[in-house]
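Below is one structure, written out as structure tokens; comments come after it.
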Amino acid sequence: MTKRLFCFGLGYTGQALAHALAKRAWEIAGTSRGPEGIEALRGQGFDALAFDRDRPIGEPAHSLGQATHLLSTVPPDREGDPVLGRHGTDIARLSGLKWIGYLSTTGVYGDRGGAWVDEWAELRPTGERGRRRQAAEAAWLDLRHRHGLPVHVFRLAGIYGPGRSALDQLGSGRARRIIKPGQVFSRIHVDDIVAVLMASMARPNPGAIYNLADDEATAPATVIEFAASLLGIDPPPAEPFESASLSDMAASFYRDSKRVSNRRIKEELGVRLAFPTYREGLQHLHAAMTRK
């Protein structure tokens, strides 16, 4: 049987998964917001459609009806989850889906003062974006309860990978070394995200929630310093968080401090992280950069 992934929001993470599945002869379809994104996806051999809240996909019964697996990476907005808002009814009618994944964020846990959290921890998001994610998770899980759909929720830590890491920030001059004593957060390499999603597809457990994080939460400044050492340059000057000029988005990443447990993906899905800490991940990315 042909396997076909439909991905709402076929962006950075979605494309990494799509390429891994395409190597296994999967058919891939997905959405992008603008014509340039659609053209780029089609150039990679994927079926691509336009989608955002103001532009639902055309002929959803046909576009979605062929999918065996469905993934959404689309973040919620002020009105809720755009995918469910525009196509929740269409998805509920699909009888051939073997697996549905919704990518959320560990931001739903809020600030824990550096303490550990697992998938059963109380959700206490500290910001509006986290509260929107919590509501979106609930909406996707409600779709499972009401219609028996195989929904899974994946709470992602900070994503990094090729073209999107501390190495790239330093190379472009965008890196900052913000110091906030005691603040740590978790991260996850995009390749390890792909490994978890594929493991879940192979062993569906509808209703399951998984944390996607590496083994070692650490301070953002430490990651910048390590990346600078790989590049053989001095790190940016230290900036105390209290006096640093940050956008609301940037400041939100420093609001919470927690360590995210990844035990469930290891014990239930048998995932072995390729990059258990930021050190292995950045070393691999740096080696790839030097080979170019």
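The values are calculated or read from the model by the stated rules, or taken from the named source; none is laboratory data. Everything numeric in this text was worked out from a predicted model, so none of it was measured. Quick reminder, even Gly has a Cβ in these numbers, built from the backbone with ideal geometry, and neighbours come from all protein chains shown. Note: areas computed on protein heavy atoms with side chains; ligands, DNA, RNA excluded. Shrake-Rupley method; radii C 1.70, N 1.55, O 1.52, S 1.80 Å.
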Exercise. Which lysines have a Cα lying under 16 Å from the Cα of LYS3, excluding residues fewer than 8 positions away in the same chain?
Worked result: LYS23, LYS98
For this session: Calculate how many DSSP beta bridges within segment 31-110 are antiparallel, expressed in % of all such bridges and rounded to the nearest 5.
Result: 25 percent
Problem set entry | Cα-based helix-to-principal-axis angle, 128-147 vs the chain, degrees rounded to 10 | 30 degrees
Exercise. Mind listing the phi-derived Karplus ³J(HN,Hα) values for segment 109-123, rounded to whole Hz, using 6.51, -1.76 and 1.60 with θ = phi - 60°, and x for any glycine or proline?
Worked result: 7, x, 8, 10, x, x, 6, 7, 10, 10, 5, 9, 5, 4, 8
Exercise. Hey, any idea what % of segment 1-87's accessible area is carbon plus sulfur with a 1.4 Å probe?
Worked result: 47 percent
Exercise. Can you list, largest first and rounded to whole Å, the semi-axes you get for segment 1-87 by taking the square root of 5 times each eigenvalue of its Cα gyration tensor?
Worked result: 20, 14, 12
Problem set entry | Probe 1.4 Å, protein heavy atoms only - accessible area per residue of the chain in square angstrom | 47 Å²
Seminar exercise, completed: Helix 190-202 sits off the longest principal axis of the Cα atoms of the chain, rounded to the nearest 10 on a 0 to 90 degree scale, by 30 degrees
Exercise. Looking at segment 1-75, which trypsin sites (Lys or Arg not before Pro) are DSSP coil and have at most 11 other C-beta atoms within 10 Å of their C-beta?
Worked result: LYS23, ARG24
Problem set entry | Carbon and sulfur %, accessible surface of segment 158-271 computed with the full protein complex present, 1.4 Å | 51 percent
Exercise. Based on Cβ point charges of +1 for Lys and Arg and -1 for Asp and Glu, what charge dipole magnitude is obtained for the chain about its Cα centre, in debye rounded to the nearest 20?
Worked result: 440 debye
Exercise. Using a ≥ b ≥ c from the Cα gyration tensor of segment 2-152 (square roots of the eigenvalues), is it rounded, prolate or oblate, where a/c under 1.5 gives rounded and otherwise the larger of a/b and b/c decides, a/b for prolate?
Worked result: prolate
Exercise. Amide H neighbours of ILE159 under 5 Å, counting only residues 5+ apart in sequence or on other chains, H built in-plane at 1.01 Å?
Worked result: ILE188
Problem set entry | Rounded to 5, the percent of DSSP beta bridges in the chain classed as antiparallel | 10 percent
